[in-house]
Amino acid sequence: MTAMTTTPTDANGTAPAYGIADPGEYGWGVFHERHPALVRRLCEGNPYGPEQRARLEALLDESRTGRVRPPTPETAAVAPWAARDRRRFGRPWSEAPFLWAESYFYLRLLECVDYFSPGPWQGVDPFAPMKSAELADPGLESDTAWLDGLAGTPPDEAFRALVLASLYGNRADLGFRLVRAVTDPADGDAPDGTDGSGVPLLADDVEALWRHVSRRPPGDVHLVLDNAGRELLADLLLADHLLTTGRTASVVLHVKPRPYYVSDATASDVRDCLVRMAAFRNEAGAAARRLRDAAATGRLRQTTHAFHCSPLGFDSMPADLRAALAPAALWVVKGDLNYRRLVGDRAWPADLPFADAVAGVPGSLVALRTLKSEVAVGLPKETVDRLDAARPTWRTDGSQALVQARLRP
């Protein structure tokens, strides 16, 4: 589905925000197709009672054709942005920007399954069955065997392999095959503009990123996580690589304070992933054990913030989070949702320079993203024109990827 119809511009930006009102919009499809499928999976994976199931169905109906209901006091207490955003309550969901509406839907979903209410379901991750199934995949260990072959690889190539693994970790069918292709000369050269697995990199700042981390004294790297499961495993391998090569003094993992957007990583997901990895008999298992030791000495840390479960842009981050990120040697922003918050979920011209789009965000940063929503910046116009003609769904179907950096001296 392609979608260029948008909601009217507001006072916070010069480009219109993507919306959910029109059947031609990608956001409309999320609310009318993806969310009903998600609710079905949740009810199949969790023994919810009739009241919880009825509330989930009511939320689906409300979000597709109704008006925005305020959160309960318990919900508002953990989501200050929702409690403050009263101007949207009582108005049609269809008037809300896509980013706000989607974030609020997931907040309300937790409310429907009693996540915030005292009782047996309080604090129970509704997405845990899906996350556990991915970690239980018996092929997960063999999928990391490529890491054993990195010994003796030139440092810049090894770094590229780990960055690309982190980029594609959420593509279960491509993530680790990609790294094998990048690091195995027997596979031959990749076509121009691809990563070695046939998945195009529309922007490739890995070389600039390598220069940034290899020519500076080691500092702190902040990794703003996206998904649990395979993607988190690849993120942890990147963290281990940065630590063991001395490219960073410490790695700080930014996890979600609660379940969010189906597979987003929380502290318990990091724990579960490390436990699974530590059982591997290959280099990935050794990496998990090194990361456990790094955590014990403070070189690997986890942090969280309510901001990470909000629709607010990174240019609007709270002062305490800004103060933590500004002095970092680098912060790595993972995934599509974080990208939308980094550059603004708006119909920017795709050739708007990436550095301009993130001008209000502090420090040196890099975005690792496969495209699963409409917003895109920092791309040559001719590339966009070619893709629009050849593959109209390229912005949303996960077939394209990018590594975009804004690095400070």
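The values are calculated or read from the model by the stated rules, or taken from the named source; none is laboratory data. No experiment lies behind these values; they were computed from the predicted model shown. No Cβ is skipped: glycine too gets one built from the backbone with ideal geometry, and neighbour counts run over all protein chains shown.
Below, the figures for the structure above:
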quantity	calculated
Positions within the stretch 299-351 being in a loop (DSSP other than H, G, I, E, B) and touching a strand residue (DSSP E or B) at 6+ places or on another chain (Cβ under 7 Å), in sequence order	Arg299, Ala328, Ala329, Asp345, Ala347
Test: residue in the stretch 257-267 that is crowded, with 20+ Cβ neighbours inside 10 Å, touching a residue at least 12 places away in the same chain (Cβ under 8 Å) and out of contact with any Asp or Glu (no Cβ under 9 Å at 6 or more places or on another chain)	yes
In the stretch 59-77, residue surrounded by the most Cβ atoms within 10 Å (Cβ to Cβ) [restricted to those that are touching a Pro at 6+ places or on another chain (Cβ under 9 Å) and at pLDDT 95 or above]	Val68
Flag for Asp345 being under 20 Å from the mean Cα position of the chain (by Cα), more than 23 Å from Leu164 (Cα to Cα) and of a type in the set (D, E, K, R)	yes
Single match in Leu150, Leu140, Leu178, Leu174 (criterion: touching a His at 6+ places or on another chain (Cβ under 9 Å), modelled with pLDDT under 95 and assigned by TED's automatic domain parsing to the domain that holds Ala267)	Leu150
Spans of helices (runs of 4 or more DSSP H) in the stretch 17-73 with at least 3 residues more than 28 Å from Leu342 (Cβ to Cβ)	35-45, 50-65
Residue match in the stretch 338-346 (condition: surrounded by fewer than 17 Cβ atoms within 10 Å (Cβ to Cβ), within 29 Å of Asp85 (Cβ to Cβ), modelled with pLDDT of 95 or more and out of contact with any Lys or Arg (no Cβ under 7 Å at 6 or more places or on another chain))	no
Filter result for Asp114 (touching a residue at least 40 places away in the same chain (Cβ under 8 Å), among the charged types (D, E, K, R) and either in contact with a helix residue (DSSP H, G or I) (Cβ under 8 Å, 6 or more places away or on another chain) or not assigned by TED's automatic domain parsing to the domain that holds Asp397 (or both))	yes
The listed residue being surrounded by 14 or more Cβ atoms within 10 Å (Cβ to Cβ), of a type outside the set (A, V, I, L, M, F, W, C), in contact (Cβ under 8 Å) with a residue 24 or more places away in the chain and not assigned by TED's automatic domain parsing to the domain that holds Asp235, out of Arg160, Arg108, Arg88	Arg108
Positions within the stretch 74-124 being of a type outside the set (A, V, I, L, M, F, W, C) and under 21 Å from the mean Cα position of the chain (by Cα), in sequence order	Pro97, Glu102, Ser103, Tyr104, Tyr106, Arg108
Among (1) in contact with a Phe, Trp or Tyr (Cβ under 8 Å, 6 or more places away or on another chain); (2) assigned to a loop (DSSP other than H, G, I, E, B); (3) of a type outside the set (A, V, I, L, M, F, W, C) - the single one Pro118 does not satisfy	(1)
